[in-house]
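Single-structure report; data block below.
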Amino acid sequence: MEGFKIGKKGSSLERVKYNRNDISLLTRGDGTEVLLQSIEKDRLFYIYPSDNPEVMEFYLILSGEVVCEVDNEKLVLGPQDYFSAKGLIEPIHFTALSNVTLLWVTTEPIFDSLSNEISSLMDVVKKVELKDHYTYMHSDRVANNAVKIAKKMNLNKDQVNNINTASFLHDIGKINIPEDILNKPTFLSDEEFSIVKKHPVDGVEMIKGNQYEEILPIIEQHHERLNGSGYPYGLTGDQILLESRIIAVSDSFDAMTEDRPYRKAFEPQFALDEIKRLVDIHYDKHVVEAFEEVLKEEGKIPDYLDASIAPLQPASTE
Ligand SMILES: [Fe+2]
Ligand SMILES: [Fe+2]
């Protein structure tokens, strides 16, 4: 029938996968788009303010549950609950409590920007993670923990958002590092290490010129260390952005708690102790303290303040 269209389940005009969110464009017309978004459990997502105050965004939860943070209050929303935004001033944060599907209607076309810009950058990140066999989902985990640290430290929403995006893209420049160097089971030669050290600046070059300008210095500094021993510039202390100091802790923790070509993964407590040993040398004390709290709250390390799970006495040597 002219002017009428039926779509069967699973069909769409176009589809993009980004940050493990799956977004399908169901239909569009006169600037309005209707999208279907699937978000995996535990993922964070946001509604961003639009430059145009007249733009309206509407979301209907089809399945699953989300928790939404508004004015420091947490609200749980489930199937058939809905929310909308118009003239938003600050981004709104959501966390998926289970796998979630949302119907999303927006009066401003956004699908193309999601599909072109983000997906091409995310494609490169995925390529890096495939090349480096030991970093599968690395940027996802780094982003998740970095955002949790940032929230624990009460950073403002813009900073949290920037940390999230910068974490996803922090190692994008590794695309230029040959696979045999990335996966080398022994220590790198000076020459090989100098190639690895280029990835923060290469990443910035790749992202330059689009809407992510604010996160460029954060990415550039993610391997800087407080005592100046980091790279690429050997910055010290407060010269290093707080956002980068947060990503540095989350990044190092993830590197230690995953298998590497030359060793097995360390336990979270061991990795945290290593990071704590380098407080004020490599890592920011406040960042590490916030991260320790996050790990305790999530039960990833024991909370010794809780007497019921106090550590056992050291085994007797007798
Ligand atoms: Fe890196
Ligand atoms: Fe990394």
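Per-structure values
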quantity: Computed [θ] at 222 nm, helices only, for the chain once each DSSP H run of length n ≥ 4 contributes -39500 (n - 2.57); calculated: -9500 deg cm²/dmol
quantity: Distance in nm between pseudo-label sites at Asp51 and Lys131 (7 Å out along the Cβ direction from Cα); calculated: 3.2
quantity: Computed over the range 14-87: relative contact order in percent, which uses C-alpha pairs under 8 Å that are six or more apart; calculated: 23
quantity: Shape call, the range 118-297: gyration tensor on alpha carbons, a/c limit 1.5; calculated: rounded
quantity: Loop chymotrypsin sites (Phe, Trp or Tyr not before Pro), the range 180-280 (other Cβ atoms within 10 Å of the site Cβ: 13 or fewer; DSSP); calculated: Phe187, Tyr262
quantity: Cβ-based exposure ranking for Leu13, Leu75, in which fewest neighbours within 10 Å come first; calculated: Leu75, Leu13
quantity: Likely footprinting exposure, His93, His133, fewest C-beta neighbours within 10 Å first; calculated: His133, His93
quantity: Proportion of all alpha-carbon pairs of the range 188-290 beyond 22 Å (%); calculated: 36
quantity: Angstrom value of the Kirkwood radius, inverse mean 1/r, which spans all Cα pairs in the chain; calculated: 21.5
quantity: Ranked list, fewest to most other Cβ atoms within 10 Å of each Cβ, for Tyr136, Tyr59; calculated: Tyr136, Tyr59
quantity: Relative contact order of the range 134-173, pairs being alpha-carbon contacts under 8 Å that are 6 or more residues apart, as %; calculated: 53
quantity: Percent breakdown of C-alpha pair distances by 5 Å bin, ordered from the shortest bin, for the range 33-154; calculated: 2, 10, 16, 21, 20, 18, 9, 4, 1, 0
quantity: Theoretical gain in end-to-end length, Ser63 to Gln269 [0.36 nm per residue, Cα-Cα removed]; calculated: 70.6 nm
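Only the coordinates and a few stated rules stand behind these numbers; no lab work does. For clarity, every value in this text was computed on a predicted model and none was experimentally measured. Cβ coordinates were reconstructed from backbone atoms using ideal geometry, including for glycine residues, and neighbour counts include every protein chain displayed.
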